[in-house]
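Q: The following block contains the structure, expressed as structure tokens.
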Amino acid sequence: MGTNGITKLWSHDFWRICIANFMLSVSLYMLWPILPIWMMSYYGATPLQAGGIMALFGVALFILGPTFSYLVDTYKRKYICLLAILIVTAVTGGFWVAGGLLFAAILRIVQGMMYGMALMASGSTLVIDIAQSPRRTEANNAFSWFGRFGLSIGPLAGLLLYESYQIKYVFIISCLLGLLSFICIAFIKIPFRAPLCPPMFSKDRFWLSNGWLMFINLLLISIPTGILLATIHSYVFYGILMLGFWFSILAIKFVFTDADMRSEIVSGLIIYGSAMLLQITHNKEVAFYTSALFVGLGIGLIVPRILVFFIKLSEHCERGAANTSEAFGWELGISIGFFIGYFLISNQSAFAAYGIVLIFLIIAMFLYLAVTHPWYLKHKIR
């Protein structure tokens, strides 16, 4: 306990699990812009094939979902997380020696399955085990922020390594980060919990039925982000995107403290949409980099609030399912958007990406204000 009886959140173990999430996220996101280039260069993949193989990751996240609860309640949760991270890291190294596109597709599916397992075991289980009940929403939000920074630092690192050194160093650094994530989790001390006997298949810790509409709205926001990830290969863009994330943290703390619940999502969508309008109407470098700042600020305002909404739509025993639903919705949308982006590239229509992103964001705004938020107010539990 901290001073005044307030439970301490930032223990050594909580720092370790957050840093582990950050390193695993960077390890994977640095592959997003590089793996398609590698597949097209080394195996002659078309842009559509490369984008399709990358998108398998988001679909594969859900394959083991119904077994999550059984695995973490039957076996030691930390060991499940460690095994998943180890396989994710091994698969990353496997890409370098893959014997063709079919093998690369299989590896991408395995990587998605195991990342889903690692994300569920860490963010939806171990974080809840480590944090005391009064601080769990804060803990979930902090943990997710460490992963969110991977969206900017990962592509930034991957593109810098690719442009400055050989492509093999992207795979080497990605594997090293995965191993460091493994080490961080290995040193975490988890309170003892007696094994349970849950059913082998269930939606517990995997899918929040009460959050289905929020999930759809989240997809409409993460799909545009995936499109940008596929079509923008500038490491400077991702560096400025990270700066936008930092501004959003300051804005949440000092501007939106007592604001209406809708304000962060609405403001974030307006800022994100403004970035696309800036790109469409001003074909200049300054507009390109200003839009990166706006995209980071917009995403940073939207996604943490959506996570809180997922949690408030859940019963106390469904907190893990709320976290997994939000995390998987984000990653699935990124994967779908990435495929759309490479579809545009294959048709030499990448210039249309900003307009398509803007359309998605307008639909997301309309759905949120007209349907999702009123539905949320009616169905929230907490």
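Q: Within a 10 angstrom radius of the beta carbon, how do K76, K203, K378 rank from fewest other beta carbons to most?
A: With the fewest neighbours first, K76, K203, K378 line up as K378, K76, K203.
Q: Using every pair of alpha-carbon atoms in the chain, split the distances into 10 Å bins beginning at 0 and state the percent of pairs per bin, rounded to integers.
A: Histogramming the chain at 10 Å steps yields 5, 24, 35, 26, 9, 1, 0 percent.
Q: Counting Lys and Arg as +1 and Asp and Glu as -1, each charge on the Cβ, what is the dipole of the chain about the Cα centre in debye, to the nearest 20?
A: It works out to roughly 660 debye.
Q: Here is a follow-up. As an exercise, identify the chymotrypsin sites (Phe, Trp or Tyr not before Pro) in segment 151-236 lying in DSSP coil whose Cβ has no more than 15 other Cβ atoms within 10 Å.
A: Here the sparse-neighbourhood loop sites are Y165, F187, F192, F201.
Q: Also, quick follow-up: Toward the positive end of the charge dipole of the chain, about the Cα centre and with charges on Cβ (Lys, Arg +1; Asp, Glu -1), which of Y115, A139, I249 goes farthest?
A: Most positive-ward Cα: A139.
Q: Figure the gain on full extension for K76 and M40 (residue separation times 0.36 nm, minus the Cα-Cα span) and round it to one decimal in nm.
A: 8.9 nm
Q: Return the loop-located chymotrypsin sites (Phe, Trp or Tyr not before Pro) in segment 75-140 (DSSP other than H, G, I, E, B) with at most 13 other Cβ atoms within 10 Å of their own Cβ; answer none if there are none.
A: Passing both the DSSP loop test and the Cβ count: Y75.
Q: Which number gives the lysine pairs in the chain that have C-alpha atoms under 12 Å apart and are eight or more places apart or on different chains?
A: Close lysine pairs under the 12 Å cut-off: 4.
Q: Tell me which of M30, G158, I80 sits at the most positive position along the dipole axis of segment 7-201, charges placed on C-beta atoms (Lys, Arg +1; Asp, Glu -1).
A: I80
Q: Under the Kirkwood approximation applied to all pairs of distinct alpha-carbon atoms, what is the hydrodynamic radius of segment 207-382 in Å?
A: For segment 207-382, the Kirkwood estimate is 16.4 Å.
Q: Given Cβ point charges of +1 (Lys, Arg) and -1 (Asp, Glu) and nothing else, what value in debye, to the nearest 20, does the dipole of segment 7-201 about its Cα centre take?
A: Value, rounded to 20: 420 debye.
Q: Further question: Give, in nm to one decimal, the length gained when the segment between I363 and K8 is fully stretched (0.36 nm per residue of separation minus the Cα-Cα distance).
A: 123.7 nm
Q: Looking at segment 301-382, which GluC sites (Glu not before Pro) are in a loop (DSSP not H, G, I, E or B) and have at most 12 other Cβ atoms within 10 Å?
A: When the GluC sites (Glu not before Pro) of segment 301-382 are filtered for loop state and at most 12 Cβ neighbours within 10 Å, E315 remain.
Q: Now for a different question. Just to verify a number: FRET efficiency for Q166 and Q132, C-beta to C-beta distance, R0 = 35 Å, to 0.05?
A: 0.15
Q: Of the options V97, A350, H233, report the single residue whose Cα projects farthest towards the positive end of the charge dipole of the chain (beta-carbon charges: Lys, Arg +1; Asp, Glu -1).
A: Highest projection toward the positive end goes to V97.
Q: What three numbers, in Å, describe the spread of the alpha carbons of segment 7-201 along their principal axes, ordered from the longest?
A: Over segment 7-201, Cα extents along the principal axes are 53, 36, 23 Å.
Q: Find the relative contact order for the chain and round it to a whole percent, using C-alpha pairs within less than 8 Å whose residues are 6+ positions apart.
A: 26 percent
Q: Still on this structure, please answer the following. Using a Förster radius of 30 Å, what is the FRET efficiency between A90 and V236 based on their Cβ-Cβ separation? Nearest 0.05, please.
A: 0.40
We did not get these values from a lab; they are worked out from the coordinates using the rules stated. Values in this document were obtained by computation on a predicted structure and should not be read as measured data. Neighbour counts are summed over all protein chains in view; Cβ atoms, including those assigned to glycine, are modelled from backbone coordinates with ideal geometry.
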